[in-house]
1. Mind listing the phi-derived Karplus ³J(HN,Hα) values for region 33-45, rounded to whole Hz, using 6.51, -1.76 and 1.60 with θ = phi - 60°, and x for any glycine or proline?
2. Under 5 Å between amide H atoms, partner at least 5 residues away or on a different chain: which partners does Arg140 have, H built in plane at 1.01 Å?
3. Per residue, what volume in Å³ does the convex hull of the Cα atoms of region 1-58 enclose?
4. Using DSSP to call loops (not H, G, I, E or B), can you name the GluC sites (Glu not before Pro) in region 130-180 whose Cβ has at most 16 other Cβ atoms within 10 angstrom?
5. Just in region 113-199: which trypsin sites (Lys or Arg not before Pro) are loop by DSSP and have at most 16 other Cβ atoms within 10 Å?
6. Return one quarter of the surface area of the convex hull spanned by the alpha-carbon atoms of region 125-191, equal to its mean projected area, in nm².
7. Stokes-Einstein at 25 °C, 0.890 mPa s, Kirkwood radius from Cα pairs: D for region 35-75 in µm² s⁻¹?
8. Each residue of region 140-146 in turn: what ³J(HN,Hα) in whole Hz from Karplus with 6.51, -1.76, 1.60 and θ = phi - 60°, glycine and Pro shown as x?
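Just so it is clear, none of the values below were taken in a lab; they were calculated from the coordinates. As the structure is a prediction and not an experimental result, all values here were calculated from the model. Neighbour counts run over all protein chains shown; Cβ positions are idealised from the backbone, glycine included.
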Amino acid sequence: MTLPVKRLTSVDSARATSAAPTYFKPFFHEPSKQVYQDGGLYHNNPIEIADIERKLIWPEMERQYPDIVLSLGTGFNPASKKAVLEAAPPPRLGIVAHLRSLIQLAEDHIASSLDSEKRWNSYWKTLGLRSKQDQKRFRRLNPRLDYDPPQLDDVRAMANLQETVREFFQSESRYIYDIAHQLVASCFYFEGIGSVELLSSGRYLYKGDSRAFFALNCSLHCG
């Protein structure tokens, strides 16, 4: 199959989405002549963008909740005294002032981490989930830290951060196992055969097959 010339590859997408100002230069995609920067400049947590996109892709499922929505965070300090920064629209005074505000937002990693959690909480409230079953469809996994996140380029802090995250995962092992089981279960669906039968016991019987959302040449290994 021939891919469109202007299509971004996985490598291009990774390079574009990580182009944070002052850390990496903007990514220029030669085929499309487009320049990309880190999406976190406007959407530190793109959960709302993902929700809009899935409704556009599957409009017939717009009013139904997905099997599972999993939002992954990079860690935050809920006790941080740092204020949350908001991404503002371009000011009328000029693009230079707006560029400065974008750079400030990109550099302020603490405010970005807090904003990501705020975005999730805001999105959660808009869902109006009533039943526990529906609430379990929307999961957030974001390690809580007892200190502010390190600078993006502070490689010396990586070891300590990794250890903190491991301890967090161990304390939340049950929650993580539940998420893993949900992800596996969401890979399968039931395809009914025939009509529903009413049994003498008053129960209903519906026969069918359990199928997986995988290509024929793929395999799933479960431990």
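1. Coupling constants for region 33-45: 6, 9, 10, 10, 10, 3, x, x, 4, 10, 9, 4, 10 Hz.
2. So Arg140 has HN proximity to Ser71.
3. Details: hull volume 6.0 nm³, N = 58.
About 104 Å³ per residue, rounded to a whole number.
4. On the way: sites: Glu163, Glu167, Glu172; in loops: Glu172.
Answer by residue number: Glu172.
5. Numbers: sites: Lys118, Arg119, Lys125, Arg130, Lys132, Lys136, Arg137, Arg139, Arg140, Arg144, Arg156, Arg166, Arg174; in loops: Arg130, Lys136, Arg137.
Taking region 113-199 and a limit of 16 other Cβ atoms within 10 Å, the loop trypsin sites (Lys or Arg not before Pro) found are Arg130, Lys136.
6. On the way: hull surface 29.3 nm².
So the mean shadow area of the Cα hull is 7.3 nm².
7. Numbers: Rh = 11.9 Å.
The diffusion coefficient I find is 206 µm²/s.
8. 10, 10, 9, x, 8, 10, 9
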